[in-house]
Amino acid sequence: MDQAQDTIQIPLIAGYNDNNEPVVEQVSVVPVAGAGQSPKTGLDHPGEFRLSKSPAFIRGLAADDRIRYPVDNATTYDLLEHSGNLSVRVFSKHNTEELDQALTPELELIDGRIDAASPGLLVYTIHVSIGFQQIEAVLNKVLAGFPDTIWYYGNVYDPEDGVTPLNWWQDIAQSV
């Protein structure tokens, strides 16, 4: 079956606004096991899903990670397995069209791919086996020519404090 036909959108909480209201991001996933979907009602029952793209705002997840959804309510999930992919988010105060044209080919040379592009945001997926040093060198080299632009890993640091490394990649390196 064609993967594009299997892809569905599910709502996940990306954070909370100043009024403590949830900010929800629609995430592209593919049902893996146990999940049922009907065109009329959407998700019929919970199960496992694989993210088909890295999310723009949800921290801790990247493309191909496996999650169980829903857990407690329609916007919560459990991370079941990291895929080995890194999520890289690039934010700019300027239109990202020119940045996309400069950065995307450079990241593709190291087997990265673009998952989302909008006027102020680009989201990439790159496998951790490429190495943090090489990924960061490419990002820093290209972004040096684009003022008011910054990049972040989406799934490397603890979502709560933003600085503590999650270290999930060490488990992947040991299993290879």
Identify all residues within region 144-173 that are small (Gly, Ala, Ser) and surrounded by fewer than 15 Cβ atoms within 10 Å (Cβ to Cβ); write none if there are none.
144, 145, 162, 173
Looking at region 91-125 only, could you name the residues that are of a type in the set (Asp, Glu) and surrounded by 15 or more Cβ atoms within 10 Å (Cβ to Cβ)?
100, 115
Show the residue pairs meeting these rules: Cβ distance below 9 Å; 6+ apart or different chains; first residue within region 108-129 and more than 12 Å from residue 86 (Cα to Cα); second residue acidic (Asp, Glu) and crowded, with 20+ Cβ neighbours inside 10 Å.
122/115
With respect to residue 150, is the statement that it is at pLDDT 95 or above and of a type in the set (A, V, I, L, M, F, W, C) true?
yes
For region 1-22, give me each residue that is in a loop (DSSP other than H, G, I, E, B) and modelled with pLDDT under 90.
1, 2
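The values are calculated or read from the model by the stated rules, or taken from the named source; none is laboratory data. If you're wondering where the values come from, they're calculated on a predicted model, not measured in any experiment. All Cβ positions, glycine included, derive from the backbone under ideal geometry; neighbour counts span all protein chains shown.
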